[in-house]
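Below: one structure, written as structure tokens.
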Amino acid sequence: MAALPASTVLRAYRVLRLLPGGRRAFSTAYAWQAPYFRSVRPRVLRLGPHQAEVLVPDRRAVRNHLGGVHAIAVCNGLEAAMGALATVTVPRSHRWVPKGMNVDYLARADSDIRCVAETTAADWAGGPDVPVSVHAVRADGTVVVRGVIRLWVTERSAD
């Protein structure tokens, strides 16, 4: 399935979030765009230019040997949030690809985890290397992971 234009994705989110079961339907469709995301079953909570938030539910399939949400599952959620943000922020004339992720693990992730990605207009003004700030928060408000995902954003070729 080809990726949809940003305006289509954002419009779909804005319509579906108002319908019963709409957020779940949007989240399922979003996870199908990048099948690896399905492993953490991300639920899109908030989406707009420069902002995205997804929930990674705490369930057995994403837990580590200590019983908490595995750090890589949290990073997967952060990347899902970043991808949603990029999809609705990058102009249609450009393409993006993640080129790196730097994160700090700050606390144990022992609940559902909210994964947040944020940028400002200024972040996009400095050329093709765009920093996306990310953080993950457990149910009690404690930040468990904080970092930056770097995107490489370039114009699409004419062919």
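The values are calculated or read from the model by the stated rules, or taken from the named source; none is laboratory data. Computed from a predicted model, the values in this text were never measured in an experiment. Using ideal geometry, Cβ is built from the backbone for each residue, glycine included, and neighbour counts are taken over all protein chains shown. Each accessible area value is taken on the protein alone, full model and side chains, heavy atoms only, with ligands, DNA and RNA left out. Shrake-Rupley method; radii C 1.70, N 1.55, O 1.52, S 1.80 Å.
Considering (1) of a type in the set (A, V, I, L, M); (2) open to solvent by 70 Å² or more (accessible area, probe 1.4 Å); (3) in contact (Cβ under 8 Å) with a residue 24 or more places away in the chain, say which one ALA122 fails and leave the rest.
ALA122 satisfies every listed condition except (3).
A quick yes/no check of all residues on (1) open to solvent by less than 90 Å² (accessible area, probe 1.4 Å); (2) farther than 22 Å from THR119 by Cα; (3) in contact with a helix residue (DSSP H, G or I) (Cβ under 8 Å, 6 or more places away or on another chain); (4) not aromatic (Phe, Trp, Tyr):
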site: VAL9; (1), (2), (3), (4): yes, no, yes, yes
site: ARG24; (1), (2), (3), (4): no, yes, no, yes
site: THR28; (1), (2), (3), (4): yes, yes, no, yes
site: LEU47; (1), (2), (3), (4): yes, no, yes, yes
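Restricting to region 1-30, what's the tally of residues that are hydrophobic (A, V, I, L, M, F, W, C), in a helix (DSSP H, G or I) and at pLDDT 90 or above?
Selection size over region 1-30: 7.
Would you be able to say whether some residue in region 85-107 is in contact (Cβ under 8 Å) with a residue 40 or more places away in the chain, crowded, with 17+ Cβ neighbours inside 10 Å and among the charged types (D, E, K, R)?
Within region 85-107, none of the residues are in contact (Cβ under 8 Å) with a residue 40 or more places away in the chain, crowded, with 17+ Cβ neighbours inside 10 Å and among the charged types (D, E, K, R).
Quick test for you: out of ARG46, ARG156, ARG114, ARG146, pick the one residue that is of a type in the set (Lys, Arg) and more than 14 Å from the chain's Cα centre (by Cα).
Being of a type in the set (Lys, Arg) and more than 14 Å from the chain's Cα centre (by Cα) holds for just one of ARG46, ARG156, ARG114, ARG146, which is ARG156.
Going by the conditions given, is VAL54 surrounded by 17 or more Cβ atoms within 10 Å (Cβ to Cβ) and farther than 27 Å from ARG14 by Cα?
Judged against the criteria, VAL54 is not a match.
Residues in region 72-81: is at least one farther than 19 Å from HIS50 by Cβ, exposed (fewer than 14 other Cβ atoms within 10 Å of the Cβ), within 16 Å of the chain's Cα centre (by Cα) and of a type outside the set (D, E, K, R)?
The answer is yes; a qualifying residue exists.
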